[in-house]
Structures are given as structure tokens and as C-alpha cells.
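Reading through the C-alpha cells given below for one structure.
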Amino acid sequence: MAKNSADETIKVMKQQVGIAAANRVSSDSIVGLGTGSTTAYAIQHLGDRLKSGDLNNIKGIPTSFQASVLAKQYGIPLTTLDEVSKIDIAIDGADEVDPHKNLIKGGGAAHTREKVVDALADQFIVVVDQSKLVEALGTTFALPVEVLPMAIAPVTDALKKLGGEPELRMGVKKDGPVITDQGNMILDVTFEAIADPATLESTINNIPGVLENGLFVGLADLILIGEIVEGQPCV
Ligand code: 5RP
């Protein structure tokens, strides 16, 4: 398939899966709004449903500055975890999904807030295209770890001792590191396939200076997958 046509197919898969997730949201609910290109379609469709009157009285809890900008753009009222005690449903993307519904997230550097919101949701729906499915986590995507800037050097050493190859994430222009919404930096850590995600998740989070890593173990309730069936994108 030519590159442009492959990109267009992935875009349509992301759009369809985002819309399918947004259609699962009921009126009078608190909705966790994830980050990334797939969730952006879900946020847009939630806005469309509100506008058409098909959905009423929802409030969103954004997982990033990007999600809050999109929510405002599409007319979704926002709230915070100071105002509500529970989240009914969260919709979020992922960078890898294994057969046990464990995830790697953080391709958009938002996994710290995403984990807070997604973990609090009664139902956490993951929206991905089929390219994100893997047999073992860590095989196609380096694990994002959010780190306090003053602790980059010791955390890098500690991650190397765990068998990882950490690399500081740089911005698109490569003239400085990516800075998270919390003012921290991201180390992308390449491991050979991650055999025990639960243990690695807590081991990394115990390194002083680590805010959060992108392993989401046992949190996802439902994975919605955009696929190509008989040449056509579908969910
Ligand atoms: C952001 C994330 C995203 O959900 C993840 O990177 C997937 O993004 P996309 O839907 O654009 O492929 O974890 O931190």
C-alpha cells in the first residue's frame, strides 16, 4: 500500500474507533478525556453528540493540556478531581496493547495524568488501531518514564541497571527536551520484551525521582480496535 493511502487508512481506523468509544458514553456522566490522535476523535464526537442533543449533562476530566484545549474547542464542560469523587467512564489511547489488556502509554508524554484518571474510572475504554497490538509489551515501543529534571542522571543509571536503554525524549526540532504538563522530562527506555509488566511498573516507580512510567497493568476494561477487514476499516 502506498504511504499516503496507508496513513489515510490508519486515520480512518482511529476515527471510527474514537467515534465507537464516544457512542458508549451516557448522559449525566463524568468522562475521563485521554490524550492523543485517536482520543481526539472521541472528544470531537462527544462534542458533536452534545451539540445534536443526543447526549446531555456530561463533564470531562482532561488528562492533559491538549485534551482540555480540545474539550473546550468542542464544547465539553470540564471539571476536576477536586469537584467530583468518581469518574464513570474514561476513553484513552495506547502505544502498545498486549493479550492481557496491559498497555504501554505515554507516547504523548501524558501518561502520569492519564494513569490518575484512567485508574479512577469505573470503565476504562482503550481506543487503538490494529498496529498497536503486540504479543509482549516493549517489543515495538520504548517505555516512557516521567522524571524530575534534577534526577535525570541518577534515574538514567538506575534504569540501565534494570537492563533498559534510556534516551531523553527531545522535541520535534531536536533543540531541547520535551517538557511534560508537570514541568518534567521523559526518558524513553528500550527493554527487550517486558516479561513481567506488573513488577517492572512498581520497580521503576520506586526509583527516587521517577514520577510515573507508562506501564498500565490491569487497568483497561475494554479494548476497542480499529481493523481492516476485507480491505475496509472497521471496529
Ligand atoms: C499519550 C498517550 C496516547 O494515548 C498514546 O500515545 C496513543 O496516541 P495515538 O492515539 O495518537 O496513537 O499515551 O500520552
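Read the figures in this text as sums done on the coordinates, not as results from a lab. Note that the coordinates shown come from a computational prediction; the quantities given were computed from them, not determined experimentally. Every residue, glycine among them, receives a Cβ derived from its backbone with ideal geometry; neighbour counts consider all protein chains shown.
Once each part is reduced to its C-alpha centroid, what is the distance from region 143-166 to region 189-235 in angstrom?
18 Å
Taking the Cα centre as origin and putting +1 on Lys and Arg beta-carbons and -1 on Asp and Glu beta-carbons, what dipole magnitude results for the chain, to the nearest 20 debye?
In debye, rounded to 20, the chain gives about 540.
Report the full-extension gain for the segment Ser37 to Ile228: residue separation times 0.36 nm, less the Cα-Cα distance, to one decimal in nm.
66.9 nm
Counting other beta carbons within 10 Å of each Cβ, put Leu211, Leu137, Leu70 in order, fewest first.
Ordered from fewest to most neighbouring Cβ atoms within 10 Å, Leu211, Leu137, Leu70 come out as Leu211, Leu70, Leu137.
Express the relative contact order of region 59-120 as a whole percentage, based on alpha carbon pairs under 8 Å and six or more residues apart in sequence.
Value for region 59-120: 32 percent.
What relative contact order, as a whole-number percentage, does region 1-49 give when Cα pairs under 8 Å and 6 or more residues apart are counted?
43 percent
Calculate for the chain the 222 nm mean residue ellipticity that helices alone would give, adding -39,500 (n - 2.57) per DSSP H run of length 4 or more and normalising by residue count, nearest 500 deg cm²/dmol.
Dividing the helical sum by the residues of the chain leaves -10000 deg cm²/dmol.
What number in nm² do you get for region 1-41 if you take the convex hull of its Cα atoms and divide its surface by four?
Result: 3.1 nm².
Quick one: grab Rg to one decimal and Dmax as a whole number for the chain, Cα atoms only, in Å.
Looking at the chain, its Cα Rg and Dmax stand at 17.7, 55 Å.
When a footprinting reagent is the concern and you count Cβ atoms within 10 Å, what order do Met13, Met150, Met170 take, fewest first?
Met150, Met170, Met13
Rounded to the nearest 20 Debye, what is the dipole magnitude of region 14-63 about its Cα centre when Lys and Arg each give +1 and Asp and Glu each give -1 at the C-beta?
Using only the charged Cβ atoms, the result is roughly 80 debye.
Helix 3-22 versus the longest principal axis of the chain: what is the Cα-based angle in degrees, 0 to 90, to the nearest 10?
On a 0 to 90 degree scale, this one is about 70.
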